[in-house]
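Peer 1: Mind having a look at this structure? Questions to follow.
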Amino acid sequence: MAENVLIRIAVIGGGVAGATVANALFQLGNMDVFMYESASEFSERGAAVGLAGQAQLALQQAIPLAQELLRKAGAVPMNSSHLLLGSGPAAGTVIVDLEDDGSCEVIVHRASLLRELLAPFPQERLHASKKLIDITVMEDESLEIRFEDGTSDRFDAVVGADGIFSSVRNHVLGDAAAEHVPTPAGFWDCRVLVPFDKASSTLGKKHFEVDRQYGWIGDGAFIMHDILENRTTIQCIISGVEKDPPKNRKRPLTREFLTDILGTWLDGPIAKGAIDLVLDQPDPQGYSQWEHKSTPTYANGRVCIVGDAAHATSPWQGAGAGQAFEDAVVLGTLLGKITRPQDIGAAFKAFDTVRRPRCQRIIDSSRDTGEVLCGVKKAVALDPGKLLGALVDRWTFILTFDLEEHKREALEKMEEFKMSLE
Ligand SMILES: Cc1cc2nc3c(=O)[nH]c(=O)nc-3n(C[C@H](O)[C@H](O)[C@H](O)COP(=O)(O)OP(=O)(O)OC[C@H]3O[C@@H](n4cnc5c(N)ncnc54)[C@H](O)[C@@H]3O)c2cc1C
């Protein structure tokens, strides 16, 4: 019987994807895992992230103490969700009431989620201020990775979790990388966190009587607000269609710009308050949403990409983090079954085969959902009946996904690839 070898693996990037993958692989017992982050500390910018039931299920498989981890991160259950019209004469009409969908979504502050995802991973294996600049495939197929600080190290495998502008992605795609860079998805957004009392008095107390997420669909824009951190904080988001993406991916937000974008909303129930909350922030900015429109592969030999490095998506279906968790589950399932570095290539190829169609479908569906929610999908526009028809089943393929079957398919593919690579 072949002797089991400890496989040395580097996870590049210490965001939500990197932290989840590193934990999932470390607990397998056959992986010697190290994580490298370019920033001087492991931290997460941005406001909140919504995790639907499917995302929590995947996180639980990647990290068994997930529910405890989410509790420590201050995750708040989102008991119900209303989608309403925000502009025009019918403003205030409820389009979809997701009160009873049973999806058990939670909303969690991004920085708190990352803090708790990093906590179970051995701290001596976390390395900050380590920016990967190059990967070289050696004669024996091991990988030498070089960092900007002049240091280098050898690994049997590399997992790139280094975000939308990933360097590992460039290595994986090789000559095809230039054709598959991230591009604007066609929308911008601005997210602010505001104390509960201030938000409820500015947006209207009746919207805060129950812990509910509100999404306001309207002419060329979408406004959302939800409750965080034990009803102490509100996240308010204004998003809009973007025709002229700024080169540096952000634009300063002024009253003139926002009242122009939300001109047809101003007589309605929500826009004026949302504008006031955003402009009350120091230096408010709108950020372009970027995505990977297509990616020819997530794997090349013993290097693969996960999370936003592989499949950055616009946020309209709230599925990016959930996809990173599913990546971690599938990688853990595959790598847990290998006993020698020679089989890493087959495992990563199987990962690519099963994960890419799923993630690509979400990227395309999410962009389309943005068009519907901003009222610019031609066949739907702002017609309440058509909006209901366009939205009601939109999340089903994400939320009712059979992860067990996905893992089984991945293992089957790996066996096929192992035989063909022998
Ligand atoms: C506005 C917005 C809203 C979202 N809302 C939701 C939501 O509601 N629900 C949901 O499920 N998902 C949501 N997402 C998506 C989700 O946040 C991401 O998909 C998820 O966090 C995975 O990110 P990541 O770890 O792959 O990348 P990142 O968070 O970008 O992490 C990458 C890390 O790699 C590091 N790095 C980069 N280059 C290098 C290098 N060369 N060497 C070493 N380290 C490097 C970076 O510093 C960073 O720490 C949203 C995303 C955005 C942008």
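Peer 1: Could you figure out which of (1) open to solvent by less than 20 Å² (accessible area, probe 1.4 Å); (2) free of Cβ contacts under 8 Å to residues at least 60 places away in the same chain; (3) within 30 Å of GLU371 (Cβ to Cβ); (4) of a type outside the set (D, E, K, R) isn't true of SER200?
Peer 2: Against the list (1) open to solvent by less than 20 Å² (accessible area, probe 1.4 Å); (2) free of Cβ contacts under 8 Å to residues at least 60 places away in the same chain; (3) within 30 Å of GLU371 (Cβ to Cβ); (4) of a type outside the set (D, E, K, R), SER200 comes up short only on (3).
Peer 1: Anything in the stretch 1-41 that is of a type outside the set (S, T, N, Q), away from the ligand (no atom under 12 Å from the Cβ) and in a loop (DSSP other than H, G, I, E, B)? List them, or say none.
Peer 2: Passing the criteria: MET1, ALA2, GLU3, VAL5, LEU6, LEU28, GLY29.
Peer 1: Quick one: what pairs do we get from the stretch 69-83, first residue over 27 Å from ASN23 (Cα atoms), second among the polar types (S, T, N, Q), C-beta under 7 Å, 6+ apart or different chains?
Peer 2: Note: pairs meeting the criteria are SER81/GLN213.
Peer 1: What tally of residues in the stretch 33-47 results from selecting those that are at pLDDT below 90 and either of a type in the set (Gly, Ala, Ser) or crowded, with 24+ Cβ neighbours inside 10 Å (or both)?
Peer 2: Number of matching residues: 3.
Peer 1: Suppose we keep only residues that are within 16 Å of the ligand (Cβ to nearest atom) and touching a Pro at 6+ places or on another chain (Cβ under 8 Å) within the stretch 261-285. Which one would you say is nearest to PRO182 (Cα to Cα)?
Peer 2: Looking at residues that are within 16 Å of the ligand (Cβ to nearest atom) and touching a Pro at 6+ places or on another chain (Cβ under 8 Å), I get GLN285.
Peer 1: Ok, one more. Looking only at the stretch 217-233, decide whether some residue is within 16 Å of the ligand (Cβ to nearest atom), out of contact with any strand residue (DSSP E or B) (no Cβ under 6 Å at 6 or more places or on another chain) and of a type in the set (D, E, K, R).
Peer 2: yes
Peer 1: Restricting attention to the stretch 296-313, and to residues there that are more than 8 Å from the ligand (Cβ to nearest atom) and polar (S, T, N, Q), which single residue is surrounded by the fewest Cβ atoms within 10 Å (Cβ to Cβ)?
Peer 2: Filtering the stretch 296-313 for residues that are more than 8 Å from the ligand (Cβ to nearest atom) and polar (S, T, N, Q), the one surrounded by the fewest Cβ atoms within 10 Å (Cβ to Cβ) comes out as THR297.
Peer 1: Something else now. Answer yes or no as to whether SER87 is of a type in the set (Gly, Ala, Ser), part of a strand (DSSP E or B) and closer than 30 Å to GLY375 by Cβ.
Peer 2: No, not satisfied.
Peer 1: Being crowded, with 18+ Cβ neighbours inside 10 Å and of a type in the set (Lys, Arg) narrows it down to one residue among LYS293, LYS349, LYS337; which is it?
Peer 2: LYS349
Peer 1: While we're on this one: Please specify each residue of the stretch 176-229 satisfying the condition of being at pLDDT below 95, among the aliphatic types (A, V, I, L, M) and under 22 Å from the mean Cα position of the chain (by Cα).
Peer 2: VAL192, LEU193, ILE227, LEU228 - these are the residues of the stretch 176-229 that are at pLDDT below 95, among the aliphatic types (A, V, I, L, M) and under 22 Å from the mean Cα position of the chain (by Cα).
Peer 1: Related question: Collect the residues in the stretch 231-268 that are under 27 Å from VAL76 (Cβ atoms) and open to solvent by 60 Å² or more (accessible area, probe 1.4 Å), keeping them in residue-number order.
Peer 2: Within the stretch 231-268, ARG231, THR232 qualify.
Peer 1: Out of the helices (runs of 4 or more DSSP H) lying entirely within the stretch 318-422, which hold 3 or more residues that are within 26 Å of GLY218 (Cα to Cα)?
Peer 2: By residue number, 344-373, 384-391, 396-399.
Peer 1: Turning to a different aspect of this structure: Could you identify the single residue in ILE133, ILE145 that is of a type outside the set (Lys, Arg), surrounded by fewer than 16 Cβ atoms within 10 Å (Cβ to Cβ), more than 20 Å from the chain's Cα centre (by Cα) and within 10 Å of the ligand (Cβ to nearest atom)?
Peer 2: After applying the criteria, what remains is ILE133.
Peer 1: Of everything in the stretch 179-196 that's open to solvent by less than 50 Å² (accessible area, probe 1.4 Å) and closer than 30 Å to ASP134 by Cβ, which residue is farthest from the ligand (Cβ to nearest atom)?
Peer 2: Only one residue fits best here, namely HIS180.
Peer 1: Now, a different point. Which one is most open to solvent (accessible area, probe 1.4 Å), of the residues in the stretch 72-84 that are farther than 28 Å from LEU391 by Cα and part of a loop (DSSP other than H, G, I, E, B)?
Peer 2: Top of the filtered list is GLY74.
Peer 1: Another question about this same structure. Quick check on ASP327: is it among the acidic types (Asp, Glu) and crowded, with 22+ Cβ neighbours inside 10 Å?
Peer 2: yes
Peer 1: How many residues are part of a loop (DSSP other than H, G, I, E, B) and under 24 Å from ILE234 (Cα atoms) when one looks only at the stretch 244-279?
Peer 2: The number of residues fulfilling the criteria is 8.
Peer 1: So which residues in the stretch 48-71 are surrounded by fewer than 20 Cβ atoms within 10 Å (Cβ to Cβ) and either more than 27 Å from LEU335 (Cβ to Cβ) or in contact with a Pro (Cβ under 9 Å, 6 or more places away or on another chain) (or both)?
Peer 2: Correct list: LEU65, ARG71.
Peer 1: If you check ALA161, ALA176, which single one turns out to be of a type outside the set (S, T, N, Q), open to solvent by less than 40 Å² (accessible area, probe 1.4 Å) and over 23 Å from GLY332 (Cα atoms)?
Peer 2: That would be ALA176, the only listed residue that is of a type outside the set (S, T, N, Q), open to solvent by less than 40 Å² (accessible area, probe 1.4 Å) and over 23 Å from GLY332 (Cα atoms).
The values are calculated or read from the model by the stated rules, or taken from the named source; none is laboratory data. Since we're looking at a predicted model, the values are computed, not measured. Note: ideal-geometry Cβ built from the backbone for every residue, glycine included; neighbour counts use all protein chains shown. Each accessible area value is taken on the protein alone, full model and side chains, heavy atoms only, with ligands, DNA and RNA left out. Shrake-Rupley method; radii C 1.70, N 1.55, O 1.52, S 1.80 Å.
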